[in-house]
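The values are calculated or read from the model by the stated rules, or taken from the named source; none is laboratory data. As the structure is a computational prediction, the values presented were derived from the model and not from experiment. Reconstructed Cβ throughout: ideal geometry from the backbone, glycine too, with neighbour counts over all protein chains shown. These area figures cover heavy atoms from the full protein model, side chains too; ligands, DNA and RNA do not enter into them. Shrake-Rupley method; radii C 1.70, N 1.55, O 1.52, S 1.80 Å.
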Amino acid sequence: QVHLVESGGGLVQPGGSLRLSCAASGTIFGINSVYWYRQAPGKQRELVAVVDREGGTDYTDSVKGRFTISRDNAKNTVYLQMNSLKPEDTAVYYCLAQVQATMAPRFNDYWGQGTQVTVSS
């Protein structure tokens with residue numbers, strides 16, 4: 001069984017920084033791409049950033065130059081460093097990982113429970 005747990009959210013002033021973590025636990029054989037999504041009140045969930053197995057990254061335009069996604073394969077953890085935060089970054093942030101559990105025949109998608117990020121003065 002595989003679990004994803006996000007952490008690191010909170011309240012921060014505009015211009016501030018936060019680092020989110022997405023830790024996978026369980027009987028894990030391998031992890032492919034990991035995605036960070038966010039969902040603001042009344043809006044659809046949007047893709048923010050992705051990191052593939054080799055460390056290649058991509059970002060939605062609104063966060064380019066401010067957010068950095070990275071992974072520590074030894075710890076089965078992915079990070080989202082968020083700098084120069086704006087009020088419009090306020091949302092619940094979720095991670096999605098493509099994980100192959102031990103003895104499983106294929107990769108499956110797993111979601112975390114989400115962590116709230118609020119940017120406000």
Note to self: Just to be sure I understand the filter: pairs with C-beta atoms under 7 Å, separated by 6 or more residues or on different chains, first member in the range 104-119 and outside any strand (DSSP E or B), second member of a type in the set (Val, Ile, Thr) and crowded, with 17+ Cβ neighbours inside 10 Å. Which pairs pass?
What the structure shows: PHE107/VAL99; GLY114/VAL92
Next item on the list: Could you run through the range 90-121 and say how many residues are among the β-branched types (Val, Ile, Thr), more than 18 Å from LEU11 (Cα to Cα) and open to solvent by less than 30 Å² (accessible area, probe 1.4 Å)?
Entry: 1
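In the set GLU6, GLU54, which member is touching a Gly at 6+ places or on another chain (Cβ under 6 Å) and closer than 26 Å to ALA104 by Cα? Working first, answer last.
Details: GLU54 fails: touching a Gly at 6+ places or on another chain (Cβ under 6 Å).
From the options GLU6, GLU54, the qualifying one is GLU6.
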Item checked: Total residues in the range 20-31, condition surrounded by fewer than 14 Cβ atoms within 10 Å (Cβ to Cβ) and closer than 20 Å to ILE69 by Cα -> 1
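Restricting to strands (runs of 3 or more DSSP E) lying wholly in the range 1-69: which have 2 or more residues that are free of Cβ contacts under 8 Å to residues at least 24 places away in the same chain and on the phi < 0 side of the Ramachandran plot? Even if it seems obvious, please write down each step before you answer.
On the way: elements: 2-7, 10-12, 18-26, 28-39, 46-51, 57-59.
Hits in the range 1-69: 46-51, 57-59.
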